[in-house]
Amino acid sequence: MTVQAPVHEDAHQAHHGHSNGHEAGHGSLKSYLTGFVLSIILTAIPFWLVMGEVFDSKVVTVSLIMVLGAVQIVVHMIYFLHMNTRSEGGWTIMALIFTLVIVFIALSGSLWVMHHLNANMMPMSPDMMKNMP
């Protein structure tokens with residue numbers, strides 16, 4: 001008498017690359033091309049803004065470049081990293097939010113420190129700078 005081991009659905013799914021709760025999709029050629037084209041456009045626009053001196057105000061130009069950079073980050077995450085709310089049970093989005101909070105704290109703290117160092121430094125004349133070691 002031979003006893004056969006039961007075939008588990010989990011082993012079948014693991015063998016064929018399917019798993020429960022992990023819906024991270026692999027990109028198709030169309031999605032990769034869409035992401036590539038959007039990345040090219042989102043890189044060309046800031047280049048044009050700077051080289052063409054489109055706006056007289058540097059603040060407007062820098063602000064638009066920052067916004068387009070943030071949009072490009074989102075495009076890369078969606079089209080190339082395949083991040084969505086369903087993949088890995090939502091943990092990738094939680095990790096992304098945590099990362100963004102840490103980056104915001106680091107950047108805002110650095111800017112705050114640099115601003116206060118600049119505002120509180122004693123001004124030096126060129127003659128005083130010559131005598132520096």
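The values are calculated or read from the model by the stated rules, or taken from the named source; none is laboratory data. Please read these numbers as outputs of a predicted model, since none were measured by experiment. Cβ coordinates were reconstructed from backbone atoms using ideal geometry, including for glycine residues, and neighbour counts include every protein chain displayed.
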Residues of region 68-92 satisfying the condition of being free of Cβ contacts under 8 Å to residues at least 12 places away in the same chain and within 12 Å of the chain's Cα centre (by Cα): Ala70, Ile73, Val74, Leu81
Positions within region 67-115 being aliphatic (A, V, I, L, M) and part of a loop (DSSP other than H, G, I, E, B), in sequence order: Leu81, Met83
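Only one residue in Gly52, Gly69 is over 30 Å from His26 (Cα atoms) and in the same structural domain as Lys30 (by TED's automatic domain parsing), so which one is that?
Details: Gly69 fails: over 30 Å from His26 (Cα atoms).
The match here is Gly52.
Yes/no per residue for (1) at pLDDT 55 or above; (2) surrounded by 13 or more Cβ atoms within 10 Å (Cβ to Cβ); (3) in contact with a strand residue (DSSP E or B) (Cβ under 9 Å, 6 or more places away or on another chain):
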site	(1), (2), (3)
Ala5	no, no, no
Glu9	no, no, no
His16	no, no, no
Ser19	no, no, no
Ala44	yes, no, no
Phe55	yes, yes, no
Thr61	yes, yes, no
Ile65	yes, yes, no
Selection within region 67-102 - β-branched (Val, Ile, Thr) and either over 22 Å from Thr43 (Cα atoms) or modelled with pLDDT under 80 (or both): Thr85, Thr92, Ile93, Ile97, Thr99, Val101, Ile102
